[in-house]
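Report on the following structure.
Just so it is clear, none of the values below were taken in a lab; they were calculated from the coordinates. Keep in mind the model is a prediction, meaning the values are calculated, not measured. Reconstructed Cβ throughout: ideal geometry from the backbone, glycine too, with neighbour counts over all protein chains shown.
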Amino acid sequence: MTSLIKNSKYNIVLFDLDGTISESAEGIRYSLEKTIEITGCKAFDTSNYKLYIGPPLLDTFINHCGLIGEKAAEAVEVYRQIYDTKGKFMNKPYDGIKDVLSKIREAGAKIAVATSKYEKFAEEIGEYLGLSQYIDCVCGSLLDGSRKDKKDIIPYAIRKLGGSSSDKVVMVGDTYFDARGAMLCKVDFVGALYGYGDRDSMEKEGATVFAETPRDLPKFLI
């Protein structure tokens, strides 16, 4: 893939979806609250997006709703049905992100979405937001809940793009889950401070480079 580079700092740029490419909190919160209402599981403070935007969905129902085993898996399925019919249509792209993706592609890098969200939903959201033309592939979790951690999704995305150990890779994300995944996979990381996470938690995972807005990203990536 090295021959693809024109003037990009990286061969491969991986983007988290929620809080990095897409303003998604409204749809996620709606779907989560409806799931809690339908299943009758323990409620929690859904105004605190840091609790559930970023982590794998199954972990949210286990850690914050007190569900285990089949009950947690059932809640995930209820959530997905609600999200599929309404929640995903509440997404909107961050201002300027389309231009950022276009510039990265023009610079010669490959782009993938690397998200803990169910892969099919992530693909549909990319199309809904009108961003598919700028993204080479979308990589997310599977329906059975596997491949949900960034440490697993990042290598999967690199392989799917045809990358190798010689490629220069960066992960762009807004939470410590993204930062931790990048550090575990030994790829660079840029923190998106405009998203739903926070700087302190990303710094604790070793992050040192941060973008205040989407429009700040090119100076770190190109």
For the Cα atoms of the chain, what angle does the longest principal axis make with the long axis of helix 25-39, in degrees from 0 to 90, nearest 10? 30 degrees
Using only C-alpha atoms and all pairs of different ones, pull out the Kirkwood radius for segment 153-222 in Å with one decimal. 12.3 Å
Please identify, among Asn11, Asn48, Asn91, the residue showing maximal mean-square fluctuation in a Gaussian network model of the chain using a 10 angstrom Cα cutoff. Asn48
Angle, helix 150-160 long axis vs. longest principal axis of the chain, Cα atoms, 0 to 90°, nearest 10? 50 degrees
When the helices in the chain are scored as -39500 (n - 2.57) per DSSP H run of 4 or longer and the sum is shared across all residues, what 222 nm value do you end up with, to the nearest 500 deg cm²/dmol? -11500 deg cm²/dmol
In segment 75-115, what trypsin sites (Lys or Arg not before Pro) fall in a loop by DSSP, with at most 13 other Cβ atoms inside 10 Å? Lys86
Could you give the length gained on full extension between Ala73 and Glu203, defined as 0.36 nm per residue of separation minus the Cα-Cα distance, in nm? 43.6 nm
Dipole magnitude of the chain, debye to nearest 20 (Cβ charges: Lys/Arg +1, Asp/Glu -1, about Cα centre): 580 debye
For segment 23-102, what is the Kirkwood estimate of the hydrodynamic radius, computed as the reciprocal of the mean inverse distance between distinct Cα atoms, to one decimal in Å? 13.2 Å
Tell me, in nm to one decimal, what length is gained between Asn48 and Leu184 on full extension, where the rule is 0.36 nm per residue of separation less the Cα-Cα distance? 46.3 nm
Taking Cα atoms of segment 61-111, Rg/Rh with Kirkwood Rh, to two decimals? 1.27
Dividing the convex hull volume of the alpha carbon atoms of segment 91-222 by its residue count, what do you get in Å³ per residue? 104 Å³
Selected from Ile153, Ile104, Phe189, residue furthest toward positive end of dipole (the chain; charges at beta carbon): Ile104
